[in-house]
Each structure stands twice: as structure tokens, then as C-alpha cells.
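I have placed the structure first, in the form of C-alpha cells, so that the comments after it can refer back to it.
Throughout, read-outs are computed from the coordinates displayed, never taken from laboratory work. Only a predicted model underlies this, so the values are computations on that prediction, with no experimental measurement involved. Cβ sites come from the backbone with ideal geometry, for glycine too, and all protein chains shown count toward neighbours.
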Amino acid sequence: MTIIFVRHGETALNAARTLQPASTPLGPRGLLQAAAAARRLALEGLGAVLSSDLPRALQTAEAIAAASSVTLQTTALLQERNFGELRGRPYDSLDFDPLAMLEAPPGGESMATFLQRVAEAFAFAVRLRAQMAAPLAVVSHGLVIRALLGVQVPLAPGQALPVRIGNTALTIVDALPPYRALRVNCVTHLDAERAEDGSSLSGG
């Protein structure tokens with residue numbers, strides 16, 4: 001029994017290292033990445049897809065659901081952390097790390113509020129997975145998936161928390177307690193044309 005967490009494909013603002021407005025869609029390479037992830041996940045015999053309702057995640061989820069001919073459900077619980085008035089700002093123009101800030105940026109979420117929402121999203125996914133006899137794909141965002149690891153999802157002994165989660169990376173989790181990570185941040189479905197160079201922003 002597994003839950004497969006998937007980060008959305010690349011956006012133009014990911015590549016430009018910019019904190020993204022909620023309406024940001026996938027870029028051309030992100031669409032290719034979503035299609036590659038969809039082909040890989042079609043081999044898993046998915047039971048359903050659960051997704052963040054933000055466009056970049058939803059477009060990724062739609063490709064996965066179509067390739068596997070399964071239903072797609074969305075929830076705002078899986079949205080990326082809300083950076084409020086910082087959205088649209090280049091990450092490298094800031095003199096602090098907004099991805100690690102504990103306080104809420106103007107109009108945004110504090111770290112504590114975000115982590116509570118992530119915990120609720122994980123509980124929701126676990127309940128949905130328990131209702132089916134096949135793997136559940138959950139499409140979300142870099143900071144959401146990274147926040148799960150080591151908290152709701154224990155890492156294996158000696159397994160390090162990834163510095164970043166790659167675009168359309170798969171993180172496969174045992175759907176039964178203690179919800180161990182079976183595979184983390186796997187992008188073997190991306191060839192040279194589709195792979196990112198590792199410099200894009202993972203989160204925000």
C-alpha cells in the first residue's frame with residue numbers, strides 16, 4: 001500500500017527563481033515533465049489522483065489522471081506555502097531566505113500555520129488511500145513534500161532530508177503507520193531534454 005507524492009512540473013518562474021503567484025501555470029518543459037511522470041505512473045496501476053488546486057499542480061495532476069484513466073480530486077490543503085506580498089519577487093533579490101522564515105510575510109502564512117496545514121493534507125491523503133485498493137498519487141509542491149519528510153513520513157536510517165525536491169520528483173510512502181519513505185525525490189523518468197539543471201527554485 002503506497003501513496004506517491006509528486007511535485008508539479010517546472011514553471012517559467014521556477015526557472016527564474018521567483019516566488020510564484022497562485023495563478024502560475026506550467027512552462028513548456030514542465031508540460032514535458034508532467035507527461036513523463038504520467039507515463040511512469042501509468043505503470044503503477046493508480047487508483048486515483050489527489051492534487052493541489054493551484055494551476056501548476058493541477059496541470060500536472062490532469063496529465064497523470066488522464067494517462068491512468070482515474071479520477072482526480074483537488075484540495076487547497078495541498079497548496080504551496082502562501083508567501084503573500086512576496087509572491088512575484090525574485091528569490092535572489094531578497095536579503096533573507098523566505099522559504100525558511102518562521103513568521104508570516106504580509107498577507108501570507110507563518111511556518112506554524114503552513115506545517116499544520118501540511119499535517120492535515122497528509123491525514124486527508126491517508127484517509128483517501130485507505131478507501132481504495134491501489135496506489136494514490138498526490139500532486140503538490142516542493143515545500144509541502146519536503147515538510148512531510150522526517151515529520152509525518154520518517155526517513156530511513158542514514159537517509160538525508162533532500163535540500164530540494166525536483167520538478168515531478170516522486171516520493172513513495174508506505175500508506176500504513178509509521179508511513180516510512182520508500183523512495184525519495186526520484187526523477188529517473190526524466191531524460192536529458194526534460195531534466196532540470198538543479199538551479200531552479202524548489203518551493204515558493
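Over the stretch 34-90, what relative contact order in percent results from Cα pairs under 8 Å that are six or more residues apart? Write out the running numbers ahead of the final one.
On the way: 69 pairs, mean separation 21.8, N = 57.
After rounding, I find 38 percent.
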How much net charge surrounds Val153 when only other residues with a Cβ under 15 Å from its Cβ are counted (Lys, Arg +1; Asp, Glu -1)? +3
Which angle between 0 and 90 degrees, to the nearest 10, do you get for helix 28-42 versus the longest principal axis of the chain when only C-alpha atoms count? 20
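Explain nothing, just the number: relative contact order of the stretch 2-186, from Cα pairs under 8 Å at least 6 residues apart, as a whole percent. Intermediate values should be presented prior to the final figure.
Details: 376 pairs, mean separation 55.8, N = 185.
Rounded, it is 30 percent for the stretch 2-186.
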Would you give the gap between the C-alpha center of the stretch 3-38 and the C-alpha center of the stretch 42-113, rounded to a whole Å? 10
Nearest 10, in degrees from 0 to 90: the angle of helix 111-130 to the longest Cα principal axis of the chain is 10
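So for each of 166-172, 127-133 I average, over its residues, the number of other beta carbons within 10 Å; can you give me the resulting order with the highest mean first?
166-172, 127-133
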Rounded to one decimal in Å, the inverse mean reciprocal Cα-Cα distance for the stretch 36-180, i.e. its Kirkwood radius, is 16.2
Note on the stretch 1-54: alpha-carbon gyration tensor, axes a ≥ b ≥ c; rule is a/c under 1.5 for rounded, else prolate if a/b larger than b/c, else oblate; result prolate
So how tilted is helix 55-68 from the main axis of the chain? Cα-based, degrees 0 to 90, rounded to 10. 10
How would you order 102-108, 148-154 from highest to lowest mean count of nearby Cβ atoms within 10 Å? 148-154, 102-108
